[in-house]
Amino acid sequence: MSERNPDTNHTDQTSPAPNDSPQTPLWEFVPPSDYVVPVVYVQSAAANAWQSFRQLFRRRDSSEASFRKEQELDVLPQVRLARLVPPLPWDDAAAALDAALQDWVTADASQRGVKFCIGQPFCGHAEIVSLLGAHHQAVQIPPPSVEEILSNDARWFDNWPAPGGFWVLPNLEHCYLRHANGLGLVRRLLSLAASGRFGRGLVGCDSWAWAYVQRILPLPDADAVTLQAFDGPRLHAMLLGMMTSRSNREIHCYDAETGKEILDTSAAEDHFQQEFADLAAYCRGNVAIAANYWRQRLRSRPDEDETSGGEHTRQPAEGNGAGEHVWVAGMPLDPQLPLGTAEEFFLLLHAMMVHGGLPAPLAEDLLPFSATHCYGLLGQLQQSGIAHCFNGRWQVRESSYAAIRRLLRAGDYLTDSF
């Protein structure tokens with residue numbers, strides 16, 4: 001992984017400056033060490049700071065004053081949100097992964113071995129690996145049950161195909177438990193995979209689990225790929241494509257505070273605002289987190305006819321007014337930890353992250369707390385909107401992930417390398 005120095009004004013070709021067109025495909029898989037974390041451009045940050053300073057000493061013009069305050073705007077109905085920001089196209093990502101691994105897929109059987117697809121939280125690594133496996137008619141290996149993990153049940157390996165077959169394991173993070181009796185199966189799996197005993201296989205793994213598993217049995221970067229960061233141009237192109245995929249009308253997105261147009265689906269695709277570079281940097285290139293923030297921030301005016309889909313006669317300060325209008329509110333506030341001992345919440349949240357979701361019945365077995373205390377802490381995290389229970393696992397919410405990652409990193413907990 002690499003990161004540009006935020007103390008300079010230099011940029012590189014992987015993360016182009018605003019208004020530069022991306023030189024690489026939208027979906028690109030690279031070795032984890034080649035992941036480039038987007039950062040805020042110092043030159044743009046300085047310009048924004050100067051602009052804010054000037055605004056303290058000038059009077060707002062009539063066009064700015066005419067805009068409603070952000071709090072007076074309405075959250076979009078779910079139906080409209082689903083149309084404007086549909087689910088991320090993991091099938092496109094799977095096609096890109098297939099292309100990246102083409103030489104490996106077509107290589108001689110003795111050269112194939114096992115590859116790993118590492119995905120940040122919410123970035124669809126399991127779906128991508130499953131889609132690629134289905135395309136190649138590979139055997140899909142389900143993770144072991146909790147009972148199989150704790151009893152180190154070797155019969156789980158009976159699921160593997162005969163040598164020469166192609167298999168995929170989408171969720172390595174669900175194949176172990178951070179417990180005295182919970183690491184035997186994954187150790188054996190990684191050893192057999194490294195030795196070539198399992199033949200050709202593709203393993204999907206959450207980035208936090210990958211960081212933890214590397215402590216158990218380090219694996220070479222050459223055997224792993226990850227989705228390259230979505231910088232400003234990539235993120236703009238992705239959101240633009242998502243917003244037009246289910247609509248045949250022009251869509252105009254405006255800053256809810258200033259009225260400045262920040263996205264126009266009829267404009268050239270290589271033109272984008274600093275807004276997208278800033279959002280990409282805040283999310284460290286995680287496209288799923290960025291798309292979730294974008295979805296959360298979309299608003300409409302209360303005087304719009306709900307059936308009009310955003311069309312109205314009152315025009316914003318910029319733009320031609322044609323098509324559908326959407327307002328983009330500011331970034332939501334970071335969630336706050338509930339009252340209590342922060343270290344206890346950190347331990348619980350970290351357990352959620354390294355397991356790709358904490359199995360609900362096992363919280364007390366994986367943490368140094370009583371069952372009553374565990375569920376009390378989980379309830380507090382749920383009420384604060386930080387975590388929820390989904391498919392039997394306690395998970396950090398998308399809207400909380402960026403803040404929780406920063407907290408855990410600041411607390412010197414093991415995090416992923418992205």
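The set of residues in the range 389-415 being in a helix (DSSP H, G or I) and of a type outside the set (A, V, I, L, M, F, W, C) consists of Glu398, Ser399, Ser400, Tyr401, Arg405, Arg406, Arg409.
Can you pull out the residues in the range 361-396 that are among the charged types (D, E, K, R) and in contact (Cβ under 8 Å) with a residue 60 or more places away in the chain? Break it down into steps so the answer makes sense when it comes.
Step one: filter the range 361-396 for residues among the charged types (D, E, K, R), giving 364-365, 393.
Within the range 361-396, just Asp365 meets the criteria.
Note on the range 96-137: residues that are among the aromatic types (Phe, Trp, Tyr) and surrounded by 19 or more Cβ atoms within 10 Å (Cβ to Cβ) total 2.
Residues in the range 390-406 that are of a type outside the set (Gly, Ala, Ser) and touching a helix residue (DSSP H, G or I) at 6+ places or on another chain (Cβ under 7 Å): Arg393, Trp394, Gln395, Val396, Glu398, Tyr401, Ile404.
Quick check on the range 88-131: of everything there that is among the β-branched types (Val, Ile, Thr) and modelled with pLDDT of 95 or more, which residue is farthest from the chain's Cα centre (by Cα)?
Ranking the qualifying residues of the range 88-131, first place goes to Val129.
Any residue in the range 380-401 that is closer than 24 Å to Asn181 by Cα and under 16 Å from the mean Cα position of the chain (by Cα)? Checked against the condition, which is being closer than 24 Å to Asn181 by Cα and under 16 Å from the mean Cα position of the chain (by Cα), the range 380-401 yields at least one hit. I'd like the full set of residues that are assigned to a helix (DSSP H, G or I) and closer than 17 Å to Ala224 by Cα, limited to the range 187-202. Selection gives Leu189, Leu190, Ser191, Leu192, Ala193, Ala194, Ser195.
Return the total of residues in the range 342-369 being in a strand (DSSP E or B) and under 21 Å from Leu407 (Cα atoms). Outline the logic, then answer.
Pass one, the range 342-369, residues in a strand (DSSP E or B): 358-359.
Remaining after also requiring under 21 Å from Leu407 (Cα atoms): 358.
The number of residues fulfilling the criteria is 1.
Summed over the range 370-388, the residues that are surrounded by fewer than 17 Cβ atoms within 10 Å (Cβ to Cβ) and either in a helix (DSSP H, G or I) or touching a Leu at 6+ places or on another chain (Cβ under 8 Å) (or both) give a count of 9.
Just to be sure I understand, how many residues within the range 190-211 are farther than 20 Å from Asp103 by Cα, of a type outside the set (A, V, I, L, M, F, W, C) and buried (at least 21 other Cβ atoms within 10 Å of the Cβ)?
From the range 190-211, those farther than 20 Å from Asp103 by Cα are 190-192, 195, 197, 205-211; that's our starting set.
Imposing the further condition that a residue be of a type outside the set (A, V, I, L, M, F, W, C) reduces the set to 191, 195, 197, 206-207.
Filter again for buried (at least 21 other Cβ atoms within 10 Å of the Cβ), leaving 206-207.
Matching residues across the range 190-211 total 2.
One line per residue, one yes/no per condition, for (1) buried (at least 21 other Cβ atoms within 10 Å of the Cβ); (2) more than 29 Å from Trp104 (Cβ to Cβ); (3) of a type in the set (Val, Ile, Thr):
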{"site": "Val213", "(1), (2), (3)": "yes, no, yes"}
{"site": "Ile216", "(1), (2), (3)": "no, no, yes"}
{"site": "Asp221", "(1), (2), (3)": "no, no, no"}
{"site": "Gln228", "(1), (2), (3)": "yes, no, no"}
{"site": "Asp231", "(1), (2), (3)": "yes, no, no"}
{"site": "His236", "(1), (2), (3)": "yes, yes, no"}
{"site": "Leu239", "(1), (2), (3)": "yes, yes, no"}
{"site": "His252", "(1), (2), (3)": "yes, yes, no"}
{"site": "Gly259", "(1), (2), (3)": "no, yes, no"}
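From the set of residues in the range 156-183 that are assigned to a helix (DSSP H, G or I) and surrounded by fewer than 16 Cβ atoms within 10 Å (Cβ to Cβ), which is modelled with the highest pLDDT?
Step one: filter the range 156-183 for residues assigned to a helix (DSSP H, G or I), giving 156-159, 172-174.
Keeping just the survivors that are surrounded by fewer than 16 Cβ atoms within 10 Å (Cβ to Cβ) gives 157-159.
Details: Phe157: 92, Asp158: 89, Asn159: 83.
Among them, the one singled out is Phe157.
The single condition among (1) part of a helix (DSSP H, G or I); (2) crowded, with 21+ Cβ neighbours inside 10 Å; (3) at pLDDT below 90 that Phe272 does not meet is (1).
The values are calculated or read from the model by the stated rules, or taken from the named source; none is laboratory data. Worth saying up front: this structure is predicted, and the values here are computed from it rather than measured. Using ideal geometry, Cβ is built from the backbone for each residue, glycine included, and neighbour counts are taken over all protein chains shown.
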